[in-house]
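Below: one structure, written as structure tokens.
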Amino acid sequence: MKSSAHVVVIGGGVVGASVLYHLTELGWTDVVLVERKELTAGSTWHAAGGMHTLNGDPNVAKLQQYTVGLYREIEQRSGQNCSIHMPGGLMLAGDRERMDWLRMAQARGRYLGMDMEIISAAEAKRMFPLLEEQYFVGALFDRAEGHVDPAGVTRAYAGCARQAGAEIYQHTWVSDLRQRSDGTWDVITDSGEIHAEHIVNAGGLWAREVGRMIGLELPVLAMEHMYLITQDMDEVAEYNATTGHELPMGLDFDGELYIRQEGGGMLLGTYEQACVPWSPRETPWTFDQQLLAPDLDRIAPSLEIAFKHYPALADVGIKKVINGPFTFAPDGNPLVGPVPGVRNCWVACAVMAGFSQGGGVGLTLARWMIDGDPGEDIWAMDVARFGNWASLGYTNAKVRENYSRRFRITFPNEELPAGRPLHTTPVYDRLTAHNAVWGAGFGLEHPLWFQRPGEEPREDVTFRRSNAFPAVAEECTTVRERVGLTECSNFAKYRMTGAGSAAWLQRLFTNRLPRPGRINLTAALEPGGHIVGEFSVARAGPDDFFLFGSQIAEAHHSRWFLGHLADGVRFDVLGLSLVGLSLAGPGARDVLQSVTDASLATEDYPFMAFRRIDVGMIPAHVGRMTYTGDLGYEIWVAPEYQRALFDLLWLAGQPYGIGLFGFRALMSLRMEKMFGTWAREYRPIYTPAEARMHRSLKLDHDFIGRAAVEAELARGPARTLGYFDITPDAAEPADVVGDEPIWHGGAVVGWVTSGAYAHYSRRSLAFGYVPSELAVPGAMFEVEIIGQRRPARLLSEPVLDPAGHRMRV
Ligand SMILES: Cc1cc2nc3c(=O)[nH]c(=O)nc-3n(C[C@H](O)[C@H](O)[C@H](O)COP(=O)(O)OP(=O)(O)OC[C@H]3O[C@@H](n4cnc5c(N)ncnc54)[C@H](O)[C@@H]3O)c2cc1C
């Protein structure tokens, strides 16, 4: 065994093997993989090996596409048979809503180049004669679905990596990890120590335990999962004989099951409602290529549906039942990337679909380690999308919810209940008393909208307009015509202090820093010129900055800032030590002025001012800005003052017709003002020139990514963020939710990033990226909404108050 290596990958399942392979592919060959038993000894060996490209997040779907496309190459290069079967797959819909969902999935796949086809139930029956047509209304057929041999694939990755110089030590258990002061690692194993610059935790079923070796609690939980294999079936033999090929795979949403041919019989797996976590606190090190006791009673409800939907199954014997554990993160997507706050420590775990995702996970992690950037938008898989709040208990609740809903539709306006409420701010009870309908982001509850008094605070889930529509319309009117009050604690808030913080931030930010007492908007870029983050920078003093950004990216952005930290700068994540309320609308100044001695006249307190003032008796930092585009103030206080502040403003606002508004109204109002948002319009795959962030871009100073920006500005960006006015279907109006394809001249040319119905202007609006040469004001496009191509006109300016008078009065 080597005593030192550039990288030690811990875990020889399909994911660890893929990481090792990709590291060597990208040029790091002094790499080793350490496996406590044999390759595949965790959840990999007993997997059903199914793979598909469809995923709720298009960026993950792209990586799944990459994974599925990789198998032939590694098979050929390693000489290891992967048993690749590509019969295609049917996603079977039992009702109209599922059909809508499939249409949306097909549409989303279009701009990723996915070849998927909507077919009738009769066509599905012809392709898959085992099914009973009456239970289905149609299907989506995806040619890129298939299955592989899990052990073959793992060995093929390992074989290719070995050819390139990687070493693999089996029957070698990593028992401890110790970091040296220079950030390198001593990897302690039962066969000796390896000194490594980087470690990768690909421990699969034991990823949690490997994390604990360095005091890290990863949000991972294993669940028991069952599939069964039938005896050979005449129906299968007949199909194979007459068609000359294997049956396609099937995904049956109503039965919560998947089905495919295995040899001469069928393989049937299910995500049962009565799901069971496995080893919820600690995975035993003694568990080794074992299966769990089958429990057919637990999956009986799904089996009953299976026997109805595929009657031939009812009469065939079961050859084998597999029950094995595999791991999930709270939202079902993998945990990948650098561990926040720990140098040279990487994870690639919680990969619940190793044969769809393993390749993409390995590729992006290897790029991230070698190039400092994953090279793709992998926000949906970034380990930093969870914070410390994702405890063992939270993870347990969320994973069980997610597992049991694996084949359910999650509607764009749906808020899932498990693990909530977790974080609440002091005004939670006040807003609940006002009939708030709550949503959650990064563990924190935030008000979505306010139901009318006496009615149940609940939103009907739908792809179309919900029961929230009229209430949100009223909230928008309140803001635009009188004054609205909302909670704005769900921003990430950071504070940078210390001599040198101004110089440090200036080097990170594309905009010039604001003067003390002022706020401005800025972006931060990576060296290649892609957007790392988008922030409001409030300067409280020469070397005292408050930064407001996307809350869901709090751990992600802090990791980035800390990774660039300069000597003498203090960086604090303020979290809920700073909470806020926001007043917006023409009456906002009158309300606030009535409770403060500070003059709020524009000449004393202009647009984008940031001051420390008293509001009533409450010490506050107040920024004159709002995301609604109105005259407005964001008032930031320590949490112990928030309730008093709420009561004060609410009372003071009564003469001015104050009303509450929530996040849905905010999204509607910001659309009218053409304000983009992080994670939708601004993401790491876009550049500031593409995203039209020109106002946040000043080329009068040096900043990370500047050379790339200049080069792009000189040649012009290839694509541009467009702002569209959509004509929805009159009979059944639906607005965009994001990721819809944009058509032009009969071809898909772009995609929607986000949108909303702009209640005050009565227009359905969307943002989306299109080729720059097509981004001509007034140009007509079509946006595909639930299977219908709706006209979309490209606008050049906000539909409301394009000159921005409202904010500046
Ligand atoms: C019944 C069942 C059916 C499935 N069907 C499918 C399917 O059809 N399609 C699909 O894509 N996925 C399927 N899966 C999921 C799939 O098995 C996982 O996605 C995949 O195996 C995860 O691989 P991994 O490498 O992350 O983890 P693992 O396979 O668990 O590998 C982790 C490895 O790390 C090693 N290790 C851990 N700690 C240490 C240590 N301290 N020192 C040394 N070595 C260590 C372990 O021994 C283990 O070999 C299924 C799972 C089950 C249970």
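Any idea of LEU774's accessible area? Nearest 10 Å², probe 1.4 Å.
Solvent-accessible area, nearest 10 Å²: 40 Å².
Can you pull the semi-axes for region 270-366, root of five times each eigenvalue of the Cα gyration tensor, sorted largest first, whole Å? The partial results should precede the final answer.
Details: eigenvalues 231, 56, 32 Å².
Values for region 270-366, descending: 34, 17, 13 Å.
From largest accessible area down, sort SER3, SER18, SER550; use a 1.4 Å probe on the protein chains.
SER3, SER550, SER18
Distance check, please: which entries in LYS125/LYS319; LYS62/LYS698; LYS319/LYS398; LYS62/LYS398 exceed 31 angstrom between their Cα atoms? Intermediate values should be presented prior to the final figure.
Numbers: LYS125/LYS319 26 Å; LYS62/LYS698 34 Å; LYS319/LYS398 33 Å; LYS62/LYS398 25 Å.
Cα-Cα > 31 Å for LYS62/LYS698; LYS319/LYS398; rest within.
Could you work out [θ]222 nm for the chain from helices alone, using -39500 (n - 2.57) per DSSP H run of at least four and dividing by all its residues? Round to the nearest 500 deg cm²/dmol.
Roughly -7500 deg cm²/dmol at 222 nm, from the helical runs in the chain.
Enter the mean projected area of the convex hull around the alpha-carbon atoms of the chain, in nm², rounded to one decimal.
Result: 34.1 nm².
So how far, in whole Å, is the C-alpha centre of region 416-469 from the one of region 739-809?
28
So which trypsin sites (Lys or Arg not before Pro) in region 243-329 are both in a DSSP loop and have at most 10 other Cβ atoms within 10 Å of their Cβ?
Filter output for region 243-329: ARG281.
How high is the relative contact order of the chain, given as a whole-number percent (alpha carbon pairs under 8 Å, six or more residues apart)?
Normalised by residue count, the contact order of the chain is 11 percent.
Give me a comma-separated list of calculated 3J(HN,Hα) values for region 395-412, in order, Karplus coefficients 6.51, -1.76, 1.60 applied at θ = phi - 60°, integers in Hz, x for any Gly or Pro.
Using θ = phi - 60°, the values come out as 4, 4, 5, 6, 5, 5, 4, 5, 4, 6, 10, 3, 9, 8, 7, 9, 6, x Hz.
Given the convex hull over the Cα atoms of region 690-809, what projected area results after averaging over all orientations, in nm²? Please report the intermediate quantities before stating the final value.
On the way: hull surface 37.5 nm².
Result: 9.4 nm².
Could you provide, to the nearest whole Å², the per residue accessible area of region 96-165 with probe 1.4 Å?
On the way: 2690 Å² over 70 residues.
Result: 38 Å² per residue.
Sequence-distant or interchain residues sharing an amide H contact under 5 Å with ASP57, placed H: which?
none
Could you please state how large a percent of the accessible area of region 308-367 is carbon and sulfur, counting protein chains only and using a 1.4 Å probe?
Of all accessible area on region 308-367, carbon and sulfur atoms account for 50 percent.
Please give every one of the aspartates and glutamates within straight-line cross-link reach of LYS493, meaning a C-alpha to C-alpha distance under 14 Å, and leave out same-chain neighbours fewer than 8 residues apart.
Partners within reach: GLU534, ASP544, GLU554, ASP572, GLU634.
Please report, in debye to the nearest 20, how large the charge dipole of region 241-289 is about its Cα centre when each Lys and Arg carries +1 at its beta carbon and each Asp and Glu carries -1 there.
For this selection, approximately 80 debye.
Just reorder MET86, MET127, MET780 by solvent-accessible area, largest first, 1.4 Å probe, all chains present.
Largest accessible area first, the list is MET780, MET86, MET127.
Relative to the first principal axis of the alpha-carbon coordinates of the chain, what is the inclination of helix 58-78, with its axis defined by its Cα atoms, in degrees from 0 to 90 and to the nearest 10?
Roughly 30 degrees, rounded to the nearest 10.
Would region 107-247 count as rounded, prolate or oblate if I go by the C-alpha gyration tensor, calling it rounded below 1.5 in a/c and otherwise prolate when a/b exceeds b/c, oblate otherwise?
Taking the square roots of the gyration eigenvalues as a ≥ b ≥ c, region 107-247 is prolate.
Explain nothing, just the number: relative contact order of region 257-382, from Cα pairs under 8 Å at least 6 residues apart, as a whole percent.
Answer for region 257-382 is 16 percent.
Could you tell me the distance between the Cα centroids of region 236-308 and region 107-139, to the nearest Å?
21
Sort the following peptides by mean Cβ neighbour count (other Cβ atoms within 10 Å, averaged over residues), highest first: 389-402, 166-179.
389-402, 166-179
So, with a 1.4 angstrom probe, what is the percent of accessible area on region 625-775 that is carbon and sulfur?
With neighbouring chains kept in place, the figure for region 625-775 is 54 percent.
Taking 8 Å as the Cα distance limit and 6 or more residues as the minimum spacing, I'd like the relative contact order of region 361-506 as a percentage. Please list the in-between numbers first.
Numbers: 112 pairs, mean separation 22.2, N = 146.
Here the relative contact order equals 15 percent.
For helix 300-309, report the angle its Cα long axis makes with the longest principal axis of the Cα atoms of the chain; keep it between 0 and 90° and round to the nearest 10°.
80
When the accessible area of region 1-84 is split by element with a 1.4 Å probe, what percent falls to carbon and sulfur? Intermediate values should be presented prior to the final figure.
Working: 1150 of 2670 Å².
Roughly 43 percent, rounded to a whole number.
Could you compute how much accessible surface ASP186 exposes when probed at 1.4 Å, giving the result in Å² to the nearest 10?
Only protein atoms counted, so the area is about 30 Å².
Which value, in nm² and rounded to one decimal, describes the direction-averaged projected area of the C-alpha convex hull of region 591-647? Please list the in-between numbers first.
Values: hull surface 15.6 nm².
Here the figure is 3.9 nm², rounded to one decimal.
The values are calculated or read from the model by the stated rules, or taken from the named source; none is laboratory data. Since the model is a prediction, treat every value here as computed from it, not as a measurement. Note that each Cβ is placed from the backbone with ideal geometry, even for glycine, and that neighbours are counted across all protein chains shown. These area figures cover heavy atoms from the full protein model, side chains too; ligands, DNA and RNA do not enter into them. Shrake-Rupley method; radii C 1.70, N 1.55, O 1.52, S 1.80 Å.
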